[in-house]
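The values are calculated or read from the model by the stated rules, or taken from the named source; none is laboratory data. Since the model is a prediction, treat every value here as computed from it, not as a measurement. Backbone-built Cβ (ideal geometry, glycine too); neighbour counts: all protein chains shown.
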Amino acid sequence: MRPMTVLSVTQLGNLLGIRSGKGVITTLLKRGLFSAAKRAGYIVVPYILPEYVEVSGDSLVTLIDDEPGEVFSPSFADAHLLVELGMAVAMGNGRYEPSEIRQLSYTLEMNFVFTELEIRALTALKELSCISPPDIDRVAEMLSKRFLLDERREIARMMTTVGAAGSIGSGKIIALRKLYAAVEIDERELYQLMMGYRFTDFGVIEVKRMFAPRAEEPRLRRGPVIKLDLDAMATKKRETESVGAILSEIFASGE
C-alpha cells in the first residue's frame, strides 16, 4: 500500500495547477480541486465537497486512489460526519486509545454497510484525524446543518460512548461539552452518561441504530472500517515532515 501523504489544500492546488490561497475555500474552488484530483486518479480525504466539510487553504488533506466504477453511497456523508465527530472526541486528550476506535468502529458497523471505496476513504479520514484532529466546533456546525435537533442529540449521546470507552481526560470532556452545547443538551447528562457507561461496559457499549443499513449489494461489505497500527501511525507522522514529496513523485511517474 502506498504510504499516506499529507499536504495542505493550498499545496494540493499547486500540484494540480489550481491557485487556492490560504483563506476559506469557496464551493466553486472545492469542486475544481475535487474534479482535478479525480482526473488525476485520486479522491481527496476529507471529502471536500460542500455537503461534507468546510476547508481553508491551510487545512490538511490526504488522497486515496480512485478505482474505476466505484461510487459513494448517499449515506456516506452521514458516516463521514460520524467518523469526524468520533475522532474529535477520541483525540481530545491528544491521542486516541484502541478501545475508543473499537467503539467507533462498532457504532459505524451498526448503522452502515460500506463499499470498498468508502472503507478506504473512512480509514484514511481516521488516520488523517490522528495527525490533524477535526475541530469539534466545525463538525458540530455541520451536524446542525444535516440533522434535526432530536437526531443531533442522539448522535451526541452516541459519540459519548466513544469517549467513555477510554480514559476520561480534560480535553475529551471539553470536546464533548462543546458538542452537547451545540445540540442543546444539559451537560449534566454528559457526566451521568459517561459514568454510567463506564460502570456497565464489558466490551463495546451498545448503541441505538439510527441509520438503517442498506441491503447487501455487490461490492458492499460491512466493516470493520478502522484498522489499528500504532507503530505505522508514528511513521506516518514523521512522513508529514516532507509534505507533498511523495505525491509529486506519484504524479511524475504516472503511477
message: As an exercise: evaluate Ser167 against (1) in contact with a strand residue (DSSP E or B) (Cβ under 6 Å, 6 or more places away or on another chain); (2) loosely packed, with under 14 Cβ neighbours inside 10 Å; (3) of a type in the set (Gly, Ala, Ser) and give the number of the one condition it does not meet.
response: (1)
message: Quick check on region 67-75. Is at least one of its residues under 14 Å from the mean Cα position of the chain (by Cα), buried (at least 17 other Cβ atoms within 10 Å of the Cβ) and of a type in the set (Phe, Trp, Tyr)?
response: no
task: Please tell me if Tyr197 is among the hydroxyl-bearing types (Ser, Thr, Tyr), at pLDDT below 80, more than 28 Å from Thr62 (Cα to Cα) and not in a loop (DSSP other than H, G, I, E, B).
output: yes
task: Return yes or no: is Ala77 among the hydrophobic types (A, V, I, L, M, F, W, C), in a helix (DSSP H, G or I), out of contact with any Lys or Arg (no Cβ under 9 Å at 6 or more places or on another chain) and farther than 27 Å from Ser170 by Cβ?
output: no
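Looking for something in contact (Cβ under 8 Å) with a residue 40 or more places away in the chain and in contact with a Phe, Trp or Tyr (Cβ under 7 Å, 6 or more places away or on another chain) - is there at least one such residue anywhere in region 97-115? Walk me through how you get there before you give the answer.
Kept after step one, since they are in contact (Cβ under 8 Å) with a residue 40 or more places away in the chain, are these residues of region 97-115: 97-115.
Then drop every residue that is not in contact with a Phe, Trp or Tyr (Cβ under 7 Å, 6 or more places away or on another chain), which leaves 111-112.
There is at least one residue in region 97-115 that is in contact (Cβ under 8 Å) with a residue 40 or more places away in the chain and in contact with a Phe, Trp or Tyr (Cβ under 7 Å, 6 or more places away or on another chain).
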